[in-house]
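Engineer: One structure, as structure tokens, below. Some questions next.
The values are calculated or read from the model by the stated rules, or taken from the named source; none is laboratory data. No experiment lies behind these values; they were computed from the predicted model shown. Neighbour counts run over all protein chains shown; Cβ positions are idealised from the backbone, glycine included.
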Amino acid sequence: MGNPMRIRAAEKDGVTEVKVLMNHEMETGQRKDSSGNLIPAHFISELTAKHGDKVVLQAEFGPSVSKNPFLSFKFKGGAKGDKVVVSWIDNKGDTRSDEATIG
Amino acid sequence: MKKRLTLAALAIVAAFTAPAAMAEGSAADGIAQYRAMLAEGNPSELWELAGEDIWKEKRGPKQASLEQCDLGKGPGVVKGASAALPRYFKDTGRVQDLESRLMSCMETLQGIAPENFVKGKWGKGEMEKMEQIVAYVVGQSRDMKVNVDMSAPQMKKMYALGKEAFFYRAGPMDFACATCHGQDDKRIRLQDLPNLTKHEGAAAGWGSWPAYRVSNGQFWTMQHRLNDCYRQQRFPEPIYGSDVTIALSVYMAKTANGGTVMTPGIKR
Amino acid sequence: MDQSRRNTLKASGGLSLFSLLVAAGMVKPGVAEAAWNKAAFDAKKMDAALAALGAGSPAESAEVQLTAPDIAENGAVVPVGVVSNLPNTEEVAILVEKNPNMLAARFMLPAGTEAAVQTRIKMGQTSDVYAVVKAGGKFYMAKKEIKVTLGGCGG
Amino acid sequence: MKKFLMIAPLALGMQFAVAGDDMHAEFKQMMDSSFKGNGIAEKHRLYQLDFQAACSTEKSPSPAMLKAIEAEQMKTIRWPSDGKYTGDWKSGEKIAISGRGLTWNDKADAANGGGCYNCHQMSHNEISYGTIGPSLLNYGKLRGNSSDMLKYTWGKIWNAKAYNACSNMPRNGDAEILTERQIKDVMAYLFDPESPVNKP
């Protein structure tokens, strides 16, 4: 299982802004280690954010998203106290799912 | 272009002593824009999150948490603690910065040996946990004022030693801390160099480390920051938690007193 | 077509179901790759990447805004934001012309989600960065040059 | 390097003997116990040369002291062995850009960089430059390449302390940071009309 994410969700005038920090190497597969061997690519490939049962964002990442990825987006219909759940899967099949309460 | 030419003409006369200011406006604006966008989401928070759990976790040979650790505000008090560090601690008889203090707590409360850090590797093993705890603790002083108590004679002495270390030139490049951090408005490459001999600069520098470094995706504590300064000064390596690192911290913190704590920061 | 079917799948099960299946050994992690647009992410030429996204040659549009600094102090982390004022914006993609693989990220926006996303990408060198947007079934774009500087004194 | 080793113990003794008071003894003790050698960054690097000690104070040393240091440092300059001051500007550019070398992460046999861009603006197309030193843009174009100017510049690169005792600039030649060949290349970078320093 991956390391925890940091998710912040704040509602204002009916729009919920979600900011997500993910804990991931996002290795490109093009770097070499100190002994000259290629470090295999390891990156979050897909992400889904849900508000209740409704998907509010889906994303696909390549290895050129930065290490410890940051993502922010906005959706309508969230209310204070609701939960936002963000889940990702990486190219090695590792996953992580965390939630935040809309404030 | 015109501005450049005029300045260049000046440079003929002044040779090596010409002022460095050039048409830097656009580059500086671009960088400012970049930094503002980065401030939005600081990955240091990932370290803070992990650190809070480790602070509370029963660990080490003694299976104890750090919740009885006294960072200067009483056992277990984390709020505002790092804003008032370094300070003189009677129980250890030493002036300690946050990291050397945490080392003491880990040793006495948890039985985790100092060798884990003195001989440790950044980001690995116990050192990684130290970095996470540091992120958590300094996050608990965010937006407070730097407030270091200089009344103890031991603190005054450490300040004097730190100041002397700051100006100490040595090594194959003849560098001191002051070489880069002793003047206003200078840069290395595009990185601004705070003038640590003055309040504004010390507040900016001391106040924004520890920090997440985007260039390598690592979280750097103040000990790590100082260690790398000395690496680039081409000095031998300062020992983790050694007196020179604490003395320099006292020098910076005192000069920064009254400034705002912006930790954990985010840096290039 | 595929896209909407996938949305339904994700909406009902989401990743958590998928990860349960992975954990249970019922689905091999590799299967996840099938959904991920491999052709687009693997593309090493702009037109190939755009073709894999189904974007052809998108028209430049003032309704698409790409927010990014003029200069990135470090290419490892370049903040990029995309806002689309086009009605029914359903997809946003960020591409870097001079990266080895152009496509950095792609966002699918269900109804109710605003066409305003921000993320951070890696850039190997100074390059044009493209925001490609799908709105009402058509593709549009905006681009901006971002300068990447050498940093630090270890340079 | 060798010279450094020989002078070091003497310089150390002198500095603390002159200063004399308890604080200095304590400072010496602190420095000694706080550092360890790591790779090529051996512990003896902590020991100061005389001029390093003199330039380690908040206030500048006396004018007489500065003059004495400059005269002393001037003697260290070695002029080009074949009388040629300039080499290949393209190689010089790489040296000017690289800030590598001499840290505990570096290997003893690796070529050092000049680190020039850390402190100086140099060419028309590199925006990432430091400002600790003055801009060197259009260096050769503005100053010409008279033998006096070549000599002055060579000396300055070899040992900046000969011209300004407590200069922030390293002694590239004297401290064996750069080789004679590398300094020629950096000279070409500064003076060659085709170099991007002089040609937009």
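Engineer: Kindly provide the set of residues from region D:34-64 that are facing chain B (nearest Cβ under 7 Å) and part of a helix (DSSP H, G or I), ordered by number.
Structural biologist: Of everything in region D:34-64, those that are facing chain B (nearest Cβ under 7 Å) and part of a helix (DSSP H, G or I) turn out to be D:S34, D:K43, D:R45, D:L46, D:Q52.
Engineer: Let me ask another. Out of the residues in region A:49-78 that are within 16 Å of B:P43 (Cβ to Cβ) and not in a strand (DSSP E or B), which is farthest from the other protein chains (Cβ to nearest Cβ)? Before the answer, list the steps.
Structural biologist: Going residue by residue through region A:49-78, those that are within 16 Å of B:P43 (Cβ to Cβ) are A:61, A:65-72.
Next cut, not in a strand (DSSP E or B) only: A:66-69.
Numbers: A:S66: 4, A:K67: 4, A:N68: 4, A:P69: 7 Å.
Per the stated criteria, the residue is A:P69.
Per-residue answers, yes or no, for (1) surrounded by fewer than 19 Cβ atoms within 10 Å (Cβ to Cβ); (2) in a helix (DSSP H, G or I):
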residue: D:M122; (1), (2): no, no
residue: D:N125; (1), (2): yes, no
residue: D:G140; (1), (2): no, yes
residue: D:W154; (1), (2): no, yes
residue: D:S167; (1), (2): no, no
residue: D:N172; (1), (2): no, no
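Engineer: Quick one: would you say D:S195 is of a type in the set (G, A, S), touching a helix residue (DSSP H, G or I) at 6+ places or on another chain (Cβ under 7 Å) and away from every other protein chain (no Cβ under 12 Å)? It would help to see each step written out before you state the result.
Structural biologist: Values: of a type in the set (G, A, S): yes; touching a helix residue (DSSP H, G or I) at 6+ places or on another chain (Cβ under 7 Å): yes; away from every other protein chain (no Cβ under 12 Å): yes.
So D:S195 passes the test.
Engineer: Now a separate question. Pick out the one residue from B:M130, B:M144 that is within 18 Å of B:W209 (Cα to Cα) and surrounded by fewer than 23 Cβ atoms within 10 Å (Cβ to Cβ). Steps first, please.
Structural biologist: On the way: B:M130 fails: surrounded by fewer than 23 Cβ atoms within 10 Å (Cβ to Cβ).
Result of the check over B:M130, B:M144: B:M144.
Engineer: Further, regarding this structure: (1) assigned to a helix (DSSP H, G or I); (2) more than 14 Å from every other protein chain (Cβ to nearest Cβ); (3) of a type outside the set (F, W, Y): which one isn't true of B:T92, the others all being true?
Structural biologist: (1)
Engineer: Please determine, by comparing only the residues of region A:9-41 that are surrounded by fewer than 17 Cβ atoms within 10 Å (Cβ to Cβ), within 12 Å of chain C (Cβ to nearest Cβ) and not charged (D, E, K, R), which one is farthest from A:F73 (Cα to Cα).
Structural biologist: Of everything passing the filter in region A:9-41, A:Q30 is farthest from A:F73 (Cα to Cα).
Engineer: Among the residues that make up region B:137-144, is at least one of them within 29 Å of D:H24 (Cα to Cα) and within 18 Å of the chain's Cα centre (by Cα)?
Structural biologist: Pass one, region B:137-144, residues within 29 Å of D:H24 (Cα to Cα): none.
There is no residue in region B:137-144 that is within 29 Å of D:H24 (Cα to Cα) and within 18 Å of the chain's Cα centre (by Cα).
Engineer: May I ask you to say which residue of B:N195, B:N216 is modelled with pLDDT under 95 and assigned to a loop (DSSP other than H, G, I, E, B)? Break it down stepwise before answering.
Structural biologist: Details: B:N195 fails: modelled with pLDDT under 95.
Answer to the selection: B:N216.
Engineer: For region B:187-217, which positions are within 12 Å of another protein chain (Cβ to nearest Cβ), of a type outside the set (A, V, I, L, M, F, W, C) and in contact (Cβ under 8 Å) with a residue 60 or more places away in the chain?
Structural biologist: B:Q191, B:Y212, B:G217
Engineer: Any idea how many residues of region D:149-198 are of a type in the set (D, E) and in contact with a Gly (Cβ under 9 Å, 6 or more places away or on another chain)?
Structural biologist: From region D:149-198, those of a type in the set (D, E) are D:174, D:176, D:180, D:185, D:192, D:194; that's our starting set.
Pick out the ones that are also in contact with a Gly (Cβ under 9 Å, 6 or more places away or on another chain) and you get D:180, D:185, D:192.
Final tally of qualifying residues: 3.
Engineer: Can you name the number of the only condition in (1) out of contact with any Leu (no Cβ under 9 Å at 6 or more places or on another chain); (2) surrounded by 21 or more Cβ atoms within 10 Å (Cβ to Cβ); (3) of a type outside the set (V, I, T) that A:D53 fails?
Structural biologist: Only one criterion is unmet by A:D53, namely (2).
Engineer: State which residue pairs qualify: first residue more than 7 Å from every other protein chain (Cβ to nearest Cβ) and inside region C:98-116, second residue surrounded by fewer than 23 Cβ atoms within 10 Å (Cβ to Cβ) and assigned to a loop (DSSP other than H, G, I, E, B) in any location, beta carbons under 8 Å apart, and separation of 6 or more residues or different chains.
Structural biologist: C:K98/C:G124; C:K98/C:Q125; C:K98/C:T126; C:M102/C:A43; C:M102/C:K44; C:M102/C:K45; C:A115/C:N85; C:A115/C:L86
Engineer: Give all pairs with beta carbons closer than 6 Å in which a residue from region B:25-47 that is facing another protein chain (nearest Cβ under 7 Å) meets a residue that is assigned to a helix (DSSP H, G or I); count only pairs at least 6 apart in sequence or on separate chains.
Structural biologist: Qualifying pairs under 6 Å: none.
Engineer: Also, I was wondering about something else. Looking at region B:48-62 only, could you name the residues that are outside any helix (DSSP H, G or I) and either in the same structural domain as B:T260 (by TED's automatic domain parsing) or without any contact (Cβ under 8 Å) to a residue 24 or more places away in the chain (or both)?
Structural biologist: Here is the first cut: in region B:48-62, the residues outside any helix (DSSP H, G or I) are B:57-62.
Residues satisfying the conditions are B:E57, B:K58.
Engineer: Right, B:E57: modelled with pLDDT of 95 or more, acidic (D, E) and over 24 Å from the mean Cα position of the chain (by Cα) or not?
Structural biologist: For B:E57, the condition - modelled with pLDDT of 95 or more, acidic (D, E) and over 24 Å from the mean Cα position of the chain (by Cα) - is met.
Engineer: Using the structure shown, decide if B:R225 is at pLDDT 95 or above and within 9 Å of another protein chain (Cβ to nearest Cβ). Can you show your working first?
Structural biologist: Details: at pLDDT 95 or above: yes; within 9 Å of another protein chain (Cβ to nearest Cβ): no.
No, not satisfied.
Engineer: Follow-up. Give me the pairs, please: first residue somewhere in region D:120-145 and more than 8 Å from every other protein chain (Cβ to nearest Cβ), second residue anywhere and part of a helix (DSSP H, G or I) and among the acidic types (D, E), beta-carbon distance under 8 Å, and either six or more positions apart or on two chains.
Structural biologist: Note: pairs meeting the criteria are D:S123/D:E93.
Engineer: Here's something else I'd like to know. Filter region B:63-89 down to the residues that are of a type in the set (G, A, S) and part of a strand (DSSP E or B) and list them by number.
Structural biologist: Pass one, region B:63-89, residues of a type in the set (G, A, S): B:64-65, B:72, B:74, B:76, B:80-84.
The answer is B:A64, and nothing else.
Engineer: Are there any pairs with C-beta distances below 6 angstrom linking a residue in region B:70-87 that is in the same structural domain as B:L98 (by TED's automatic domain parsing) and free of Cβ contacts under 8 Å to residues at least 40 places away in the same chain to a residue that is among the aromatic types (F, W, Y) and outside any loop (DSSP other than H, G, I, E, B), with the two at least 6 apart or on different chains, and if so which?
Structural biologist: Pairs that qualify, where the first residue is in the same structural domain as B:L98 (by TED's automatic domain parsing) and free of Cβ contacts under 8 Å to residues at least 40 places away in the same chain and the partner is among the aromatic types (F, W, Y) and outside any loop (DSSP other than H, G, I, E, B): there are none.
Engineer: Follow-up. Checking B:A160 against (1) of a type in the set (G, A, S); (2) within 14 Å of chain D (Cβ to nearest Cβ); (3) surrounded by 17 or more Cβ atoms within 10 Å (Cβ to Cβ); (4) under 19 Å from the mean Cα position of the chain (by Cα), which test does it fail?
Structural biologist: Only one criterion is unmet by B:A160, namely (3).
Engineer: If you don't mind, another one. Please give the number of the condition C:A142 fails out of (1) under 20 Å from A:K67 (Cβ atoms); (2) at pLDDT 95 or above.
Structural biologist: (1)
Engineer: Within region B:198-213, track down each residue that is assigned to a loop (DSSP other than H, G, I, E, B) and farther than 20 Å from B:L85 by Cβ. Walk me through it before giving the result.
Structural biologist: So the first thing to find is which residues in region B:198-213 are assigned to a loop (DSSP other than H, G, I, E, B), and the list is B:198, B:209-210.
Within region B:198-213, just B:K198 meets the criteria.
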